[in-house]
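Chemist: Quick one: this structure, given as C-alpha cells, is what I'll be asking you about.
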Amino acid sequence: MGPLIPLGIIGENWNNLIALLIGMAFGFILESSGFSSSRKLAGVFYGYDFVVLKVFFTAATTAAVGLLYFSYLGWIDMSLVYINPAYIPSTVVGGVIMGLGFIMGGYCPGTSYCAVSIGKIDAMVFSVSMFVGIFVFSEAYPLLENFYNAGFLGSPTVYESLGLSAGIFILALILIALGAFVMAHFVERKVKKVDY
Amino acid sequence: MEDKSKKYWNPYFGGVMLGLLLLVTFYITGRGLGASGAAKSTVVTAVNAVAPDHAHKSDYYSQFLSDDKHPMNQWLVFEVLGILAGGLISGALSNRLKFKVEHSPKITSRTRLIMAALGGLAFGAGSQIARGCTSGAALTGMATLSLAGFVAMMSIFGTAYMAAYFFRKFWI
C-alpha cells in the first residue's frame with residue numbers, strides 16, 4: 001500500500017536521498033529526450049519538432065492511467081496524494097506569464113536546469129533570471145496577495161468539474177492524445193525542417 | 001554516417017519513462033515532480049541570509065521559513081540537484097557536453113541571451129503566481145487529473161501558441 005513515505009513504510013529520513021535519485025532519473029530522461037535544447041523545445045510552437053507534445057502528453061497520460069489503476073487495485077491511497085489546489089484566476093494569469101516566458105526564453109524551469117547541466121549558456125542566463133523573477137514576485141506579494149488567494153475551489157479533479165467519471169475522462173484524454181500525435185506527425189512532414 | 005551517440009530517445013519512449021517515473025514518485029512520496037520550487041527555496045534562503053528581518057516580516061517568505069528546518073532542506077531542492085546530475089550524466093554519455101549559446105542562425109548570441117533573460121524573468125514570476133511551473137503545476141497536476149493542472153497546462157501552452165507568431169523571428 002502506498003504512498004510509502006506518508007504511510008511511514010519508508011522513513012522520513014530517506015526522503016531527501018529519494019528526492020536526489022528521482023531527480024537524477026528526471027534529469028536523465030529529460031536530457032535523453034532532447035529537452036536540453038531550446039530550439040528543439042520551441043519546435044512545438046512552430047511545427048518543426050513536436051517532441052514536447054509527444055513526451056509531455058505521453059507522460060501525463062501514462063502516469064494518470066497508472067494512478068487510476070493503482071488506486072483501483074488498492075495499491076495507493078489517493079487521499080494521501082497531493083492534489084494541486086485550484087485557484088483559477090492566479091493559475092490562469094501565472095500560466096499566461098509562463099507561456100510568454102516559454103516563447104521568449106525557450107525553456108521552462110526543469111528543462112533549463114537540464115540544459116545548464118550540459119553547458120548551455122542561454123539556459124544559465126534563463127535560470128539566473130528566473131531567480132530574479134521569483135524575487136520580484138516575492139517583493140510585490142503584498143500588492144498581489146488578494147489576487148493570489150482569490151477564487152479558491154479546494155482541490156477538485158477535472159473530471160468532477162466536467163461532470164464525468166474518471167474512466168470516461170481518461171479514455172477521452174487518451175483519444176485526444178492519439179489525435180494530437182497523428183496531427184503532429186502530418187504537420188512535422190509539411191513544415192520545413194530546421195537544423196539545430 | 002551520423003554519430004549515433006548524439007541521437008535522442010524516441011519521444012514516446014521518453015514519455016513512457018517519464019510517466020512511469022512520475023507514477024513511482026507518487027507511489028513513494030505521495031507527491032509529484034517539480035522544478036521552480038527549488039528556485040523559490042534558494043531565493044527565500046538568500047533573502048533570509050541578507051535581510052532576515054525583512055524575510056520574517058514578509059507574508060510570502062515567512063511561509064517557507066521555520067525555526068527547526070533550514071529553508072534549503074526541501075524535497076524539491078534535492079530533486080533539482082538530482083536533475084543537474086542526471087542531465088550531466090545523460091549529456092556525457094551522448095557527447096553533448098559543450099559550453100555554447102544555442103540560437104537560430106538569424107539572430108546573434110546577444111539577442112538570444114537577452115530573450116533568455118526576459119523569458120526566465122517571466123517564467124520565474126509566473127511560476128510563483130500560479131503555484132508551480134510546467135513540472136509541478138502542469139505535468140504533475142495533470143497526472144492526478146486535478147483541475148488546477150489542466151488549467152495551468154492550457155494557460156501555458158495556449159499563451160505560447162498564441163504568442164508564437166510574434167516571436168517567430170527569434171526561432172525560425
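Chemist: Using the structure shown, decide if residue B:39 is touching a residue at least 24 places away in the same chain (Cβ under 8 Å), under 30 Å from residue A:178 (Cβ atoms) and surrounded by 19 or more Cβ atoms within 10 Å (Cβ to Cβ).
Modeler: Criteria not met by residue B:39.
Chemist: Considering only residues of the stretch A:81-127 that are β-branched (Val, Ile, Thr) and touching a residue at least 40 places away in the same chain (Cβ under 8 Å), which is farthest from the other protein chains (Cβ to nearest Cβ)?
Modeler: Looking at residues that are β-branched (Val, Ile, Thr) and touching a residue at least 40 places away in the same chain (Cβ under 8 Å), I get A:111.
Chemist: Just one of the numbered conditions (1) touching a residue at least 60 places away in the same chain (Cβ under 8 Å); (2) part of a helix (DSSP H, G or I); (3) farther than 26 Å from residue B:167 by Cβ is not true of residue B:34; which one?
Modeler: (2)
Chemist: What do you reckon, is residue A:91 assigned to a helix (DSSP H, G or I), within 22 Å of residue A:23 (Cα to Cα) and among the polar types (S, T, N, Q)?
Modeler: Against the criterion (assigned to a helix (DSSP H, G or I), within 22 Å of residue A:23 (Cα to Cα) and among the polar types (S, T, N, Q)), residue A:91 does not qualify.
Chemist: For the stretch A:110-143, how many residues meet the condition of being outside any helix (DSSP H, G or I) and of a type in the set (Gly, Ala, Ser)?
Modeler: The number of residues fulfilling the criteria is 1.
Chemist: Tally the residues that are surrounded by 14 or more Cβ atoms within 10 Å (Cβ to Cβ), in a loop (DSSP other than H, G, I, E, B) and charged (D, E, K, R), restricting the search to the stretch A:173-196.
Modeler: The total comes to 0.
Chemist: If the Cβ limit is 9 Å and pairs must be 6+ apart or interchain, which residue in the stretch A:153-169 that is at the interface with chain B (Cβ under 9 Å from one of its Cβ atoms) pairs with which residue that is exposed (fewer than 12 other Cβ atoms within 10 Å of the Cβ) and of a type in the set (S, T, N, Q)?
Modeler: A:159/A:165
Chemist: Then there is this: So is residue A:57 aromatic (Phe, Trp, Tyr), in contact (Cβ under 8 Å) with a residue 12 or more places away in the chain and facing chain B (nearest Cβ under 8 Å) or not?
Modeler: In short, yes.
Chemist: Mind checking which pairs have a first residue in the stretch B:112-131 that is at positive phi and a second that is outside any loop (DSSP other than H, G, I, E, B), Cβ under 8 Å, 6 or more apart or different chains?
Modeler: Short answer, once both residue conditions are applied: B:131/A:87; B:131/A:90; B:131/A:91; B:131/A:94; B:131/B:137; B:131/B:148.
Chemist: Follow-up. Going through the stretch B:24-44 one residue at a time, which ones are under 19 Å from the mean Cα position of the chain (by Cα) and more than 22 Å from residue A:126 (Cβ to Cβ)?
Modeler: Those that are under 19 Å from the mean Cα position of the chain (by Cα) and more than 22 Å from residue A:126 (Cβ to Cβ): B:25, B:26, B:31, B:32.
Chemist: Ok, one more. Considering (1) assigned to a helix (DSSP H, G or I); (2) away from every other protein chain (no Cβ under 11 Å), say which one residue B:47 fails and leave the rest.
Modeler: (2)
Chemist: Ok, one more. For the stretch A:130-156, name all the residues that are within 20 Å of the chain's Cα centre (by Cα) and surrounded by 20 or more Cβ atoms within 10 Å (Cβ to Cβ).
Modeler: A:130, A:133, A:134
Chemist: Inside the stretch A:1-88, counting only helices (runs of 4 or more DSSP H) that do not spill past its ends, which hold 3 or more residues that are in contact with a Pro (Cβ under 7 Å, 6 or more places away or on another chain)?
Modeler: Because the criterion is at least 3 residues that are in contact with a Pro (Cβ under 7 Å, 6 or more places away or on another chain), the helices (runs of 4 or more DSSP H) in the stretch A:1-88 that meet it are A:51-72.
Chemist: Can residue B:144 be described as touching a residue at least 60 places away in the same chain (Cβ under 8 Å) and under 30 Å from residue A:170 (Cα atoms)?
Modeler: Spelling it out, residue B:144 is indeed touching a residue at least 60 places away in the same chain (Cβ under 8 Å) and under 30 Å from residue A:170 (Cα atoms).
Chemist: Separate question: Can you name every residue in the stretch A:12-47 that is in contact (Cβ under 8 Å) with a residue 40 or more places away in the chain, at the interface with chain B (Cβ under 7 Å from one of its Cβ atoms) and either among the charged types (D, E, K, R) or surrounded by fewer than 21 Cβ atoms within 10 Å (Cβ to Cβ) (or both)?
Modeler: Passing the criteria: A:31, A:39, A:46.
Chemist: Now, a different point. When the stretch A:144-172 is examined, which residues are found to be among the hydroxyl-bearing types (Ser, Thr, Tyr), closer than 26 Å to residue B:40 by Cβ and in a helix (DSSP H, G or I)?
Modeler: Matches in the stretch A:144-172: A:148 only.
Chemist: Considering B:42, B:108, B:29, which residue is farther than 20 Å from residue A:28 by Cβ, of a type in the set (Ser, Thr, Tyr) and in contact with a helix residue (DSSP H, G or I) (Cβ under 8 Å, 6 or more places away or on another chain)?
Modeler: Selected residue: B:42, the only one of B:42, B:108, B:29 that is farther than 20 Å from residue A:28 by Cβ, of a type in the set (Ser, Thr, Tyr) and in contact with a helix residue (DSSP H, G or I) (Cβ under 8 Å, 6 or more places away or on another chain).
Read the figures in this text as sums done on the coordinates, not as results from a lab. Bear in mind the structure is a predicted one, so any value in this text is a computation, not a measurement. With ideal geometry, Cβ positions are generated from the backbone for all residues, glycine too; neighbour counts draw on all protein chains shown.
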